[in-house]
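Right, one structure below, let's go through it.
Rule-based calculations on the coordinates, nothing more; no lab input. Note that the structure is a prediction, hence the values are computed from the model and not measured. Cβ sites come from the backbone with ideal geometry, for glycine too, and all protein chains shown count toward neighbours.
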């Protein structure tokens, strides 16, 4: 393709102006490169509320991206509409020879991109994609027989055996910046103009954009050596808190993985393992898009779940009577985030204590989490429900009281979100229904009144779950 031709880079889950595979490729191969982002109404119109923290996170990140591209001498066309229509229309108007984008692996995105490629082809415009949101795509990490992995540990071994500095190198942008098309793009519409309003994102002090991701990563680098020992305790500052930045590409996975791999040590390598889990779930989704609605392990499609709306609402609202579960669900509602250990505890409780379909819980998390990612969310829920790849064995069921005593031993996290238990002595905090009436009065906590009694008995629920799963197990 002639170097004097123009190209368009379509930003999606990659809202940064540095270490960007598609932008680098376009700048390397074309003399003028335009940039675009689309607030896609096919996605936005499905959201249940017009005040969505994720939309505001994206809006703030796009604003920073537009400013960054402007500082490099370029611009950003910010569009609002159906991306499958807006991108080909813009490409034709700009007269570009090629449109570049970084690959997306979600089934709806794959279908959208196939449509865009077809429309561009009709106009004589090339469609080119690059790998950017993972270190290795599904086709790059295979079993010895050439198949897909369904168990994490051998996948991780294969992933690490393939890893080399080559795969972690950044894609430079700055030295090619002169090739950015010298147009300012279009004005960034306000949140209100795209049909949304401000949320409490600023009050929650959630850093957005490339600068926010950089600040969080800098902070985490100071703590990474203790990651392994602190990661499971929600009252401690253990995680990286970079999940939303990985989701929206305001941080480069290559930079994060390169640091963890180069730094070494138990903490860094434990965190690298979490990045590999993320790619494992991407690979599963790419090979088995049916997992979006169906169990990975097909025998569990026959599971018969319960339909108890009272239990469902109690779980959603953090009123189950199990303090750690309630604290986790209240954190999700108030902060749009849930600690990873608590995601497992809350999911296990919904599926294996309440007997409710994992798909309902998955959709609830999808609506609430700022860092919602289809592959990871689906993988995590199917793990907890024992229906997925390399899942928690069906007969292993988290005890919410035991989990609370182990991972919130002083009750700091529980008390932060379940304020009704503020005066409950620590020996009773994680099972407050075991207090006597006199002890309840002294703690200003009346079980069944100011704080709910457990909505199920864990031991009895466990028996029902074992029977439910045993009924569909192959004989």
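Taking a ≥ b ≥ c as the square roots of the eigenvalues of the Cα gyration tensor, the range 6-131 is classed as oblate, since a/c reaches at least 1.5 and a/b does not exceed b/c. Prolate is the label for the range 385-446, because the ratio a/c of its alpha-carbon gyration tensor axes (a ≥ b ≥ c) is 1.5 or higher and a/b is greater than b/c. The range 35-87 and the range 437-475 have Cα centres separated by 45 Å.
With the convex hull drawn over the C-alpha atoms of the range 190-338, the volume per residue is 187 Å³. Between the Cα long axis of helix 107-122 and the first principal axis of the chain there is an angle of about 10°, rounded to the nearest 10.
Quotient of the Cα radius of gyration of the range 149-191 and 2.2 N^0.38 Å, N being its number of residues: 2.19.
Here is the P(r) of the range 1-50: all C-alpha pair distances, binned every 10 Å from 0, give 23, 39, 24, 12, 3 in whole percents. Compared with the dominant principal axis of the Cα atoms in the chain, helix 458-470 is inclined by about 60°. Using 7 Å Cα-to-Cβ label points, what is the residue 115/residue 219 separation (nm, one decimal)? In this crude label model, residue 115 to residue 219 measures out at 3.9 nm. Once the chain from residue 304 to residue 4 is taken as fully extended at 0.36 nm per residue, the excess over their C-alpha distance is 101.9 nm.
A convex hull fitted around the alpha carbon atoms of the range 102-193 yields 213 Å³ per residue.
Taking other C-beta atoms within 10 angstrom as a stand-in for reagent exposure, 49, 414 fall in the order 49, 414, fewest first. Between residue 360 and residue 164, the modelled label-to-label distance comes to 5.1 nm, taking each label 7 Å out from Cα in the direction of the beta carbon.
When shorter helices are ignored and each DSSP H run of at least 4 residues is given -39500 (n - 2.57), the per-residue value for the chain at 222 nm works out to -14000 deg cm²/dmol.
Translational D (Stokes-Einstein, µm²/s) of the chain at 4 °C and 1.567 mPa s when Rh comes from the Kirkwood sum over C-alpha pairs? The diffusion coefficient I find is 54 µm²/s. Once C-alpha pairs closer than 8 Å and six or more residues apart are averaged by separation and normalised to the residue number of the range 6-131, the relative contact order reads 35 percent.
Of interest is the spacing of the C-alpha centroids, which for the range 94-126 and the range 354-377 amounts to 29 Å. Between residue 211 and residue 89, the simple label model (points 7 Å from Cα in the Cβ direction) yields a spacing of 3.3 nm.
Measure nothing but the geometry: give the 0 to 90° angle between the long axis through the Cα atoms of 323-335 and the longest principal axis through the Cα atoms of the chain, rounded to 10°. Once rounded, one gets 30 degrees. Derived from the Cα gyration tensor, the three semi-axes of the equivalent ellipsoid of the range 155-218 are 34, 24, 13 Å, largest first.
When the convex hull of its Cα atoms is viewed from all sides, the range 268-308 shows a mean projected area of 4.5 nm². Overall shape: prolate for the range 298-470, with the ratio a/c of the largest to smallest alpha carbon gyration tensor axis at 1.5 or above and a/b above b/c.
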